[in-house]
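Below is one structure; the comments refer to it alone.
The values are calculated or read from the model by the stated rules, or taken from the named source; none is laboratory data. What you are looking at is a predicted structure, and each value in this text was computed from that prediction instead of being measured. Reconstructed Cβ throughout: ideal geometry from the backbone, glycine too, with neighbour counts over all protein chains shown. SASA here: full protein model, heavy atoms, side chains in, ligands and nucleic acids out. Shrake-Rupley method; radii C 1.70, N 1.55, O 1.52, S 1.80 Å.
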Amino acid sequence: MGSLDAPISAENGTVPAAGHGKSPLTDGGIRAPPSDSVPEYDASKRRRSSVLPLEVGTRVMCRWRDGKYHPVKVIERRRVHGGPNEYEYYVHYTEFNRRLDEWVKLDQLDLDSVEAVVDEKVEEKGHEELDAASLREHEEFTKVKNIATIELGRYEIETWYFSPFPSEYNDCLKLFFCEFCLNFMKRKEQLQRHMKKCDLKHPPGDEIYRSGTLSMFEVDGKKNKVYGQNLCYLAKLFLDHKTLYYDVDLFLFYVLCECDERGCHMVGYFSKEKHSEESYNLACILTLPPYQRKGYGKFLIAFSYELSKKEGKVGTPERPLSDLGLLSYRGYWTRVLLDILKKHKGNISIKELSDMTAIKAEDILTTLQSLELIQYRKGQHVICADPKVLDRHLKAAGRGGLDVDVSKLIWTPYKEQS
């Protein structure tokens, strides 16, 4: 992913000696530093000894997968075989999202850039709706990713975040999931034995939508408790801030699948409460990494609003949203509202837009305000829909996701189900 710009160091034997030829080897087979650099070499060696092992909270530069050095903060450390200062370090790249946190070896760290440990306030970026105490507790509990990779169907997927799997899986870096029932195992051979016995070829529950190769299944958490809990464990590996609900009885899960002759393969899902007093039409949303950037996230959002329309309600997603979730929602709201404003002749109110789209009035207002399409005149909000401005915003919003063919949706709202 780019050229490797690692600094040349005396330790790796690649520094040319002063004058001609190479510097002599020491008794241990390690090339000695040139004589004119001994004071500098000794100072560097003393500095390494004085800072190691690095304390949790230390800030230092770390070589990332792009071959370049980026600032990191040490989150945790663990001893590896070797001398007393031989550790691996779990680091957070301060320029990037926590999903890129990882274990690194000492040779990836530039020890000359070490900064002293500083007692800092909790960074609240991405968790605006959690108070400082809750955020500190959350980050302490979830600071180290426990599962590094999972196997799901034909994909091996790198995980992003911590997920509180049962304690018997504490020693596992990789888990193997059945892609149909979502049971998870420690070893590949366990999965292979399981697949011979598992008779599911799609998520449990009712198929409520099919269009081409896409299917949506509604899974009742009360009727399929183990599946619902396993889905939450899986999703938490890719969602940072969501609470893991063990009581899945109160939720419905809408699982989107790509279907072929082998079965229906999950690409993503959203969940919603059966009864929400806050008008939430979505509690949690996830598109699995191998299926991202294909329009599925926007499809899931659009689907949640189509269900709200059938219920005769306005809806809004549960907060807080992840960074990717917020981007997806802003894009969806922008495209839907601008499409209507572009086609509509005459004045239209926020209430009318809400009735047409099932989008909550507050979400409409904040979206139009962010686009500077609304003004406050004589005690009321007035929408300013200049066609050229609308076209510019639509172009900036990018393409929409896959369309929901409402004629293919066969669904009865939960409150109407017997």
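Quick rundown of the values:
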read-out: Dipole moment magnitude, nearest 20 debye, the range 54-115 about Cα centre, only Lys, Arg, Asp, Glu C-beta charged; value: 200
read-out: Solvent-free Debye scattering, log10 I(q)/I(0), computed from the Cα coordinates of the range 211-265 at q = 0.19, 0.23, 0.27 Å⁻¹; value: -0.73, -0.92, -1.05
read-out: Carbon + sulfur, % of accessible area of the range 54-115 - ligands and nucleic acids excluded, 1.4 Å; value: 47
read-out: Projected area averaged over orientations for the range 288-418, convex hull of C-alpha atoms, nm²; value: 9.9
read-out: Distance violations [Cα-Cα > 27 Å] among LYS145/LYS186; LYS174/LYS408; LYS223/LYS309; value: LYS174/LYS408
read-out: Cβ-based charge dipole, the range 276-418, positive-most Cα from SER370, CYS284, PHE303; value: SER370
read-out: The range 151-267: translational diffusion in µm²/s, Stokes-Einstein, Kirkwood Rh over Cα pairs, 10 °C, 1.306 mPa s; value: 106
read-out: Hypothetical label at GLU352: residues of the range 302-333 whose amide nitrogen lies under 19 Å (7 Å Cα-Cβ projection); value: 314
read-out: 1.4 Å probe accessible area per residue over the range 328-399, in Å²; value: 63
read-out: Protein accessible area in the range 176-328, 1.4 Å probe - carbon and sulfur %; value: 48
read-out: All lysines inside 19 Å of LYS222 as judged from Cα atoms, apart from same-chain residues fewer than 8 positions distant; value: LYS272, LYS274, LYS415
read-out: Length gained when the stretch LYS201-ASP386 is fully extended (0.36 nm per residue, less Cα-Cα span); value: 61.5 nm
read-out: Sites THR213 and THR94, calculated FRET efficiency, Cβ-Cβ separation with R0 30 Å, nearest 0.05; value: 0.10
read-out: Compactness index (Cα Rg / 2.2 N^0.38 Å), the range 54-115; value: 1.03
read-out: Å² per residue, accessible surface of the range 148-193 at 1.4 Å; value: 50
